[in-house]
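So the structure is just underneath, and the comments pick up after that.
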Amino acid sequence: MHSPNSSDESSERITHEAAHWCIRVHEADFSPKERARFEQWLASDPAHRLEFEAMQDIWTTSEAISIQPELRMGKPPVVPPRSHRQPSLRYYARAATFALLALPVAAFLGWKQGWVPNDYQRYSTVAASEEVTLGDGSTVVMNTNTRLTYLNYIDRRSVTLDEGEAFFKVHHDASHPFVVSAGSGEVTVTGTQFNVWKYDGQVVVTLTEGSVKVNGDNHSQGQEVRLTPGMQASYGGTLRKPLTRTVDTGQVMAWQEGKLIIDDLTLNQALPMINRYLDSPVVLGDKYAGELRLGGIYNTQDIAGLVQALPRVLPVQLARNKEGNTVIRYKRSYSPLEIR
């Protein structure tokens, strides 16, 4: 389905993404926001549309074929997504047939070629964190408002972090890399412990144990950095090669204990951390407010209370814009020099 000049790595990525979207568009929980991301992916590269249309042909063909008992014994069966809803048996049958039909269509679409997963799981959290166990034995602690997908291939384990934050304890398997796609880049490991946070196009990776390779741009080479325990890498937007620094991993991981630790950060830096726990993001009304510094340990279950308390500890006032967001504005009775 790809031109002969396409690299193996690019072809593999596009086929994986096309298979992911083909399954998602047929699920009942396919949201308008997710559809917008799908349309953006489709329009970003002609190869994406070609690959997706080929996957759609396989899916459509599967609709007309009944699943016989002997087909269900075929290798590899597709495990239905684990989610809070229960899709119909007809959907499961079509999903399994979709994977089984993909095998003879072309060699690289088969399980043995690493194109078709034998396990597909989808998880999401809203108001509380949750720990889940993936099909390979790895565990993931998901922060609030987090969505991710897990697919197991013959040559790799693949996770897509759509939004939010997750801490991964990866089951060691040197021949079966564990790859987390987030934003424009990805994190590759064989067995380790690390945290990934995705917010508004920005991605932050923090390593607590082992080693990881962080690539800030899946479409180009030379954008990789390697982390050792205690290091953090950030990428996103126009920043393709990750920036690295040393951090206190205890502060980064405090969210698992219901704590948000803000260590003398400007509001520009702190608001993304605060907004991950709010339904409607707080925004800055002027540049002076963004330069104010904030510190402390806060309860992640009462971040709205933290926002309402800001005028008591900082020279700011709160208002609301027409979209309903809380706006933080600097109090003009203070001089900008007094807050530095």
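The values are calculated or read from the model by the stated rules, or taken from the named source; none is laboratory data. Predicted model only: the values in this text are computed from it and were never measured. When we count neighbours, we look across all protein chains shown, and the Cβ atoms used for this are built from the backbone with ideal geometry, even at glycine.
Scanning region 137-175 for residues that are within 20 Å of W21 (Cβ to Cβ) and touching a helix residue (DSSP H, G or I) at 6+ places or on another chain (Cβ under 6 Å) turns up nothing.
In region 57-80 there is no residue matching the filter, namely being at pLDDT 80 or above and either in a helix (DSSP H, G or I) or not assigned by TED's automatic domain parsing to the domain that holds L151 (or both).
Filtering region 283-305 to residues that are farther than 12 Å from I328 by Cβ and either within 27 Å of the chain's Cα centre (by Cα) or of a type in the set (D, E) (or both) leaves I297, Y298, N299, T300, Q301, D302, I303, A304. For region 226-282, filtered to residues that are surrounded by 19 or more Cβ atoms within 10 Å (Cβ to Cβ) and assigned to a loop (DSSP other than H, G, I, E, B), the residue that is farthest from the chain's Cα centre (by Cα) is V282.
For region 139-173, which positions are of a type in the set (A, V, I, L, M, F, W, C) and either touching a Ser or Thr at 6+ places or on another chain (Cβ under 9 Å) or free of Cβ contacts under 8 Å to residues at least 40 places away in the same chain (or both)? Scanning region 139-173 gives V140, V141, M142, L148, L151, V159, L161, A166, F167, F168, V170.
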